[in-house]
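Encoded as structure tokens, the structure appears first; notes follow it.
Just so it is clear, none of the values below were taken in a lab; they were calculated from the coordinates. This is a predicted model, so every value here is computed, not measured. For neighbour counting, all protein chains shown are included, and Cβ atoms are generated from backbone atoms with ideal geometry for every residue, glycine included.
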Amino acid sequence: MALFNQNGSLLDILFGSQDQGAGKTLASQANIDQADLAKIAAVGLPLLLSALNRNNQSKEGLDSFTEALGNHRNQEAQSVEELAQKADPKDGEKILGHAFKDQDSVADRLARSLNMNPNTVKMGLAILAPMVLKYLADRQSGPSMDQSQVEQDTKSAEDELLEAIRKYANSQNNQTSQGQASQPTQADQNNQAPATNQDGGLGGIIGDVLDRLQNNQASAQPDQTQASNQEEDRGGLVGQIIRSFF
């Protein structure tokens, strides 16, 4: 049964307004905070898609990937939340093992980028990975697709996810600019917490992730010109981080 037939990226579907219950369920399955899982997903999902795309460059890798899609296409569930309840972290570990040469090293690096415990990141990636395979399988469940089309669609899924993150980043930047222009009084500031902490929404979570990535890059490369370029395109930070893994 095709569950992922909604418009939007996988990040939106799991943690946005479309099916918030799925993200909560996955976090409970992994025994980690839902906001932490969303932060892991903001970088981990495009990272996993990028790794799968790289493996698909070889015939052996693409054959293995196509077989895995077939196995996940037949998973039965009536909703994305029900699918999340059935998500198997052991299956996720196998997927991660196929995608990454050293999944422990990847999790450790991602944990440092997000300032999280490596075990938390490993558990998060393992519970998210089966959802990624089912999402891709459903995207490709229409008319029979040859392997080149499978490869192309998987790359499109990665691009769409990065574009969604970029849009969230731009939205956060616009809100920040509007907030600065309005110049609230000190009393207003005391009575209202920052939106990223107050609403707990996906936009705020992604904003927090981008702030962390930007601060990490500024510490490693304190050149003012680079910092200026990063400010102009914060949404591209996730793509930059992903490329550094390969």
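Values for this structure:
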item	result
Net charge over other residues, Cβ less than 12 angstrom from the Cβ of T154 (K, R count +1; D, E count -1)	-2
Near-label residues of region 43-74 by backbone N, under 17 Å of a point 7 Å along Cα→Cβ of A220	43-44, 47-48
K86-F245 pseudo-label distance in nm [points 7 Å out on the Cα-to-Cβ vector]	2.7
N31 paired with D211, simple spin-label distance in nm, labels 7 Å along Cα-to-beta-carbon	3.0
